[in-house]
Amino acid sequence: MNTSPLSRRATLTCLGAATLLALAGPAPAQTFPGKTVTLVVPFPAGGGPDLAARVLAEKIAPKLGQAVVVDNKPGAGALLGAGQVARSPADGHTLLFTPNTMVISPHVLAAGAGGNIDVHKDLVPVIAPATTPMSLLAHPSLGVKNLKELVEAAKKSPGIPYGTAGNGSPMHFAGEMFKQSAKVDLLHVPYRGVAPSVTAALGGEVKLLYVALGGALQHIKASKLVPLALTEKSRSSLLPDLPTAAEQGFAGVEVNAWYGVFAPAGTPQAAIARINQEINDALKLPEVREKFTGAGLEVLGGTPQVLADFMKADNQRYGNIARELKIRAD
């Protein structure tokens, strides 16, 4: 056996290094973010969610020191995109930017839609950047300017088509709630997102459109679509002269709409906190607030708990409404 001083010294050096590594424990996880961050928007480009996501992506990218890209994955009432994010590595680099359609869809779509995702278990809240008032608009050719005139027209010509951003969307619920309250027959025509539904309404393919103001404010201001009512509890500063459905005699037609950012379940709290902070900071910027307001969005922000509370309340409320009105996918 070789017991030379050089051999013994080399052995002791190796043992010492091994001991230090053992005491140090596992290597620390990679600092977030370590690569491009993707915001998955489960609706087509051009709508309110897409616009808001792109505005924020542009502002937070320099702060994160990484590119932030928007990836549109429409389908199954936001559940396809939600499922993609839920199955992504839980490291904060893949996030979901969605309206509350995602919470409502499981109550109206067939079981397994979107790949058996459980949005309450497979995703975790990060932040609610904005809310947007829900409205009912009409194509000018319909010749109505308020809900009373709409009801008269619907009774003369049952089956007037109304467009929405899809089955299970807040817009879909608003339409069915109004049908019940007004006792009229309207035909639901779902589209794959806000932008396609707005395009259909502008072209007269559907005569009515339920849409968040974030998707149509510019067309209202250009008189291409006629606002009939807000389906909210109160009026909006975005269109202060537009009365609510309740003010026009149709109580209970109240539908909220918010945008939320979510991460896969198991994402480190440090990554969630970093994204939350950067988006909150971006929402304070005058240029971001101006773009949001111009697009019909009302800036919100806050802690992840704000979004968690929204999810819980909507899950219960829309679940009850879906059962009561028997709202299912067309």
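Taking the Cα centre of the stretch 134-248 as origin, sum charge times position over the Cβ atoms of Lys and Arg (+1) and Asp and Glu (-1), and report the length of that vector in debye to the nearest 20. Walk me through the intermediate numbers first.
Details: 12 positive and 8 negative charges, 16 e Å.
The calculation lands at about 80 debye.
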Exercise. Report, in degrees rounded to the nearest 10, the 0 to 90 angle that the Cα long axis of helix 48-64 makes with the longest principal axis of the chain.
Key: 30
Self-check item: Spin-label model distance (nm) - D118 vs K35, 7 Å beyond Cα toward Cβ
Solution: 2.9
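What share of the DSSP beta bridges in the chain is antiparallel, in percent to the nearest 5?
The answer is about 55 percent antiparallel.
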Quiz prompt | Anchor K179: lysines whose Cα lies under 20 Å away (excluding residues fewer than 8 positions away in-chain) | solution = K145, K148, K155, K156, K207, K233, K326
Quiz item: Which one of A174, L228, S197 has its Cα pushed farthest toward the positive end of the charge dipole of the stretch 139-238, where Lys and Arg give +1 and Asp and Glu give -1 at the Cβ?
Solution: L228
Self-check item: Likely footprinting exposure, S223, S105, S181, fewest C-beta neighbours within 10 Å first
Solution: S223, S181, S105
Quiz prompt | Alpha-carbon spread of the stretch 56-170, three principal axes, descending order, Å | solution = 57, 36, 19
Quiz prompt | the stretch 180-330, Rg to Rh (Cα coordinates; Rh as Kirkwood inverse mean 1/r) | solution = 0.99
Quiz prompt | D71 long-range amide H proximity, modeled H, under 5 Å | solution = L39, V40, V41
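Taking the Cα centre as origin and putting +1 on Lys and Arg beta-carbons and -1 on Asp and Glu beta-carbons, what dipole magnitude results for the chain, to the nearest 20 debye? The partial results should precede the final answer.
Working: 30 positive and 24 negative charges, 76 e Å.
Dipole of the chain, to the nearest 20 debye: 360 debye.
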Quiz item: Taking neighbour Cβ counts within 10 Å as the exposure measure, how do D122, D50 sort from fewest upward?
Solution: D122, D50
Exercise. Would you mind getting the Kirkwood hydrodynamic radius of the chain from its Cα pairs, rounded to one decimal in Å?
Key: 21.3
Quiz prompt | DSSP-defined antiparallel bridges as percent of all bridges, the stretch 116-248, nearest 5 | solution = 55
Quiz item: So for the pair A251, K233, with labels modelled 7 Å out along Cα→Cβ, what separation do we get in nm?
Solution: 1.6
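Relative contact order for the stretch 200-247: what is it in percent, counting Cα pairs under 8 Å that are at least 6 residues apart?
Working: 34 pairs, mean separation 12.0, N = 48.
Reported relative contact order: 25 percent.
Regarding the stretch 134-248, what whole-number volume in Å³ per residue does the convex hull of its Cα atoms give?
Details: hull volume 10.1 nm³, N = 115.
Per residue, the Cα convex hull of the stretch 134-248 comes to 88 Å³.
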Exercise. Over the chain, calculate the relative contact order: mean separation of alpha carbon pairs under 8 Å at least 6 apart, over the residue count, as a percent.
Key: 25
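Where a number appears in this text, it was derived from the coordinates with a stated rule and is not lab data. Every value quoted in this text rests on a predicted model; they were computed, and no experiment measured them. No Cβ is skipped: glycine too gets one built from the backbone with ideal geometry, and neighbour counts run over all protein chains shown.
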